[in-house]
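Step one of this worksheet: look at the structure below.
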Amino acid sequence: MLSLCKFFSTILFVSMLVAVPLTSYSDGPEDEGAGGGDLTTESVSPIFELTVPNVLVEFDSLPQGPTTLEAIQSQFPESCITGLAFITRAGTGTYDFQTGGGRALAPNPDGSGDLLIVDPGGSFGNADSLIINLAIEVTQFGFEIGDWAGPFNAVLSRGGLVVGMISVSTVGDNRTHNFESTDPFDQIELTVLPDFTEANWVVPSLRSPICEFERPIPTLSEWGFIVMAGILGIAALLVIRRRRATA
């Protein structure tokens, strides 16, 4: 009976190992940036650059101060980004570290969570996450983080369901972290969660695939055709009368 119990225990242990999600984990942050580990699903992997047509959404090209999603979209009309929303937490920070990316997107320090373009040296609000919504499902994206050195996470979702996650290190100089997912996604959550004691970070740029939005072709309605025909008819009568008068 004891041997039989050991046999079933061994089978149970092996099955648990097989059932563990395909992830990699490394302990500890790489600086004083807070705590937590490095968790990346194998469906998401870093890439050197996007291989699909893309646009660099560089916030350094926008004026400093409060901004809106509409202002960002008008500056980068080819971007697939349709939503930008910070999930804030109490406190403010100063953009005085890893400022090589120039101006950056951050929460307004007034606690409203409104979008702000902040200059190096400027004040901004703390945030747990930035939710980025996309117009279509994509498999590639990129982001740059400033004022933060340590692990940083991107959680990918499609239709509200998480399909993957990648954790990167922001230690060192500013650079864009590009990644690719085998599962398409339409939302990215950039986050310091699950449990960091600090949350002051900014986003100098995003790398978005290009969206080919269908632009409506101007057409005339039935009433438009009727009005146009009436105008052309009147013009024709005037021309005929003028010719008769000069004949």
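Counting only the Cα atoms, the stretch 89-247 fills a convex hull of 225 Å³ per residue. Scanning residues 5 or more positions from Thr92 or on other chains, those with amide H under 5 Å from its amide H are Asn126, with H placed 1.01 Å from N in the peptide plane. In loop segments of the stretch 41-128 as defined by DSSP, the GluC sites (Glu not before Pro) with at most 13 further C-beta atoms inside 10 Å of their C-beta are Glu42, Glu49. The HN-Hα couplings worked out from phi for the stretch 225-235 by the Karplus form 6.51 cos²θ - 1.76 cosθ + 1.60 (θ = phi - 60°) are 5, 5, 5, 5, 5, x, 5, 5, x, 4, 4 Hz, whole numbers, x standing for Gly and Pro. Given R₀ = 35 Å, FRET efficiency for Ser169-Thr94 by Cβ-Cβ distance, to 0.05? Between Ser169 and Thr94 the formula returns 0.95. If you plug the beta carbon distance of Ala71 and Met228 into 1/(1 + (r/R0)^6) with R0 = 45 Å, you get a FRET efficiency near 0.75. Once the C-beta distance of Ser112 and Val239 is scaled by a Förster radius of 51 Å, the resulting FRET efficiency is 0.20 to the nearest 0.05. The amide H of Cys80, built 1.01 Å from its N in the peptide plane, has Cys211 as neighbours under 5 Å, considering only residues 5 or more places off or on other chains.
FYI, it's all coordinate maths here, none of it is from the lab. Please read all numbers here as calculations on a predicted model, not as lab measurements. No Cβ is skipped: glycine too gets one built from the backbone with ideal geometry, and neighbour counts run over all protein chains shown.
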